[in-house]
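This report concerns only the one structure given below.
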Amino acid sequence: MRENIKELVRQTGEKADAFLICSPVNRRYVTNFETSDGFVVINDGKITFITDFRYIEAAQTAQKNGIIDQSIRITEQQRSPLEQISEIIGKDKKVLFEDAYVSVKELTTFRKFMPTANFYSGSHIISTLRARKDEYELENIKKAQSITDKAFTHILTVLSDNAGKPGFTEKDVSLELEFFMRKNGSEGVAFDTISVSGHKSSLPHGVPENIPLQKGFLTMDFGARYGGYCSDMTRTVCIGKADEEMKRVYDTVLKAQKCALEQISGGIAGNVADGFARSVIDGAGYKGTFGHSLGHSLGLEIHERPCFSPSDKTAVPSGAVVSVEPGIYIPGKYGVRIEDIVYLTDGGCTDLTHSGKTFTEI
């Protein structure tokens, strides 16, 4: 069993009698198996995975193949799962639940089936463990990012052959990236791919349209998913020739990212990390054009906590995987963002992104 999951079992026994987990993302975190429905119960030092007929055979096969840990008890949902859960947990128990994921209606239902149980917040326990990636998680993120890096190399060739041709659109770019990633090992995209050109590059989360690529900056933000884990990368290139101001904007963003990469490490406060990059952008005369945070943690979800935010004083621990993505956005004109993902260590960080960042005109 992975060390983080052992620690979750240990902390459950230390803080309560049981932990009831029902969110899809945390079920996968504990079991290493994806389902659209089901529950995980941790009690008495053991893990029980309850799933329905649609998944039981696949789950049992996954356990035989070592995907689900042998110590996890897999049981099929035969009737109301909450009746099964109440029997597993027993009466008069202290039960942790995922307050960050469970609705008031769902909690009311839990209390109906377990009227003698006392329910307590437990989301912070899992989120703290998930913030630190173990070796298994890190390897999956590296594989996802490797696919993403290869997709960028591929799209540069595609752009070289097609940019400027009538009918080659922003959507063509996003679809080409997504198809390449799927064909080269990705389980799917980590999030909706962004590919926006010309004046639309000033939109940090612009939506690709069925319109020809415009002259000027083309921002591409995309990521693969491997073993359930996400990658995330942004690269900005120029379609056609750039003027001196465009080159200065790009160079400023790159300098801001480099400044942050050189100084961040495990244990740094989110607002301090953000400040490294923001000071470069502000100092270059672009104050107010960097409107989002420097970065976010990622793993099974593309946006996790903690993050590199100007308003977040939380320490981001060693073992976290975080994006570093400064940007400059000038409304109605253009924008530039450059994003890598890094693994934080006690002495610095390891950049997991290997795509080049040299200013590129196509």
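Over segment 214-264, what is the relative contact order in whole percent, taking alpha-carbon pairs under 8 Å and six or more residues apart?
Working: 39 pairs, mean separation 16.2, N = 51.
Relative contact order, segment 214-264: 32 percent.
Based on Cβ point charges of +1 for Lys and Arg and -1 for Asp and Glu, what charge dipole magnitude is obtained for the chain about its Cα centre, in debye rounded to the nearest 20?
Values: 43 positive and 48 negative charges, 49 e Å.
Here the size comes out at about 240 debye.
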Antiparallel content of DSSP bridges confined to segment 40-101, in %, to 5: 50 percent
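For segment 237-362, what's the relative contact order in percent, using C-alpha pairs closer than 8 Å and at least 6 residues apart? Working shown, then result.
On the way: 254 pairs, mean separation 39.3, N = 126.
Answer for segment 237-362 is 31 percent.
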- line: Computed over the chain, the convex hull of the Cα set has an average projected area, in nm², of 19.2 nm²
message: Is the C-alpha gyration tensor of segment 1-131 telling us rounded, prolate or oblate? Criteria: a/c under 1.5 is rounded; beyond that, a/b larger than b/c is prolate, otherwise oblate.
response: oblate
query: Among Ala100, Ile211, Val321, whose Cα sits farthest toward the positive end of the charge dipole of the chain (+1 at Cβ of Lys/Arg, -1 at Cβ of Asp/Glu, about the Cα centre)?
result: Ala100
message: Restricted to Cα positions, what overall size does segment 230-331 have along the principal axes? Three whole-Å values, descending.
response: 41, 28, 24
task: Considering the options Ile21, Tyr136, Ile194, tell which one lies farthest towards the positive end of the dipole of the chain, charges being +1 on Lys and Arg and -1 on Asp and Glu at the Cβ, about the Cα centre.
output: Ile21
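Antiparallel DSSP bridges in the chain: what percent, to the nearest 5?
That works out to approximately 80 percent antiparallel.
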task: With springs only between Cα atoms under 10 Å apart, run a GNM on the chain and tell me which of Arg248, Arg305, Arg27 wobbles the most.
output: Arg248
field: Gaussian network model of the chain, springs between alpha carbon atoms under 10 Å - residue of Glu137, Glu244, Glu301 with greatest fluctuation
entry: Glu244
- prompt: Could you state the number of Å between the C-alpha centres of segment 181-225 and segment 242-319?
  reply: 21 Å
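Which entries of Lys6/Lys94; Lys105/Lys133; Lys183/Lys333; Lys215/Lys357 show an alpha-carbon separation above 24 angstrom in the structure shown? If you can, show how the numbers build up before the last one.
Details: Lys6/Lys94 20 Å; Lys105/Lys133 32 Å; Lys183/Lys333 35 Å; Lys215/Lys357 19 Å.
Too far apart for the 24 Å limit: Lys105/Lys133; Lys183/Lys333.
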- request: Could you rank Phe217, Phe179 by how accessible they are, 1.4 Å probe, largest area first?
  value: Phe179, Phe217
field: Degrees, to the nearest 10: 244-263 long Cα axis against longest axis of the chain
entry: 40 degrees
field: Candidates Arg132, Arg73, Arg54, ranked by Gaussian network fluctuation over the chain, Cα under 10 Å, top entry
entry: Arg54
Dipole-positive endmost among Phe113, Asn162, Asn65 within the chain (Cβ charges, Cα centre): Phe113
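Below 8 Å, C-alpha to C-alpha, sequence gap of six or more: please give me the relative contact order for segment 1-83 in percent. Each step should come with its number before you reach the end.
Details: 119 pairs, mean separation 21.2, N = 83.
In percent, rounded to a whole number, it is 26.
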- prompt: Helix 270-281 sits at what angle to the longest principal axis of the chain, using alpha carbons and giving 0 to 90 degrees rounded to 10?
  reply: 10 degrees
field: Area accessible to solvent at His303, 1.4 Å probe radius, in Å²
entry: 110 Å²
statement: Quick note, segment 183-277: a/c under 1.5 would make it rounded; otherwise a/b > b/c is prolate and the rest oblate (a ≥ b ≥ c, C-alpha gyration tensor); here it is oblate
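Among DSSP beta bridges lying fully in segment 32-149, give the percent that are antiparallel, nearest 5. Show your work: numbers first, answer last.
Numbers: 5 of 13 bridges.
Taking every DSSP beta bridge within segment 32-149, about 40 percent pair in antiparallel fashion.
Determine the gain in length on full extension of the stretch Phe53-Asp92; use 0.36 nm per residue of separation and subtract their C-alpha separation, reporting nm with one decimal. Could you put the intermediate results ahead of the total?
On the way: separation 39, 0.36 × 39 = 14.04 nm, distance 3.03 nm.
My answer for the length gained is 11.0 nm.
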message: Just to make sure I understand: if all protein chains stay in place, what is the order of Thr358, Thr157 by accessible area at 1.4 Å, largest first?
response: Thr358, Thr157
query: Using the alpha-carbon atoms, what tilt in degrees (0 to 90, nearest 10) does helix 3-15 show relative to the longest principal axis of the chain?
result: 50 degrees
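The values are calculated or read from the model by the stated rules, or taken from the named source; none is laboratory data. All values reported here derive from a predicted model rather than from experimental measurement. Backbone-built Cβ (ideal geometry, glycine too); neighbour counts: all protein chains shown. When the accessible area is computed, the model is the full protein with side chains, heavy atoms only, and any ligands, DNA or RNA have been set aside. Shrake-Rupley method; radii C 1.70, N 1.55, O 1.52, S 1.80 Å.
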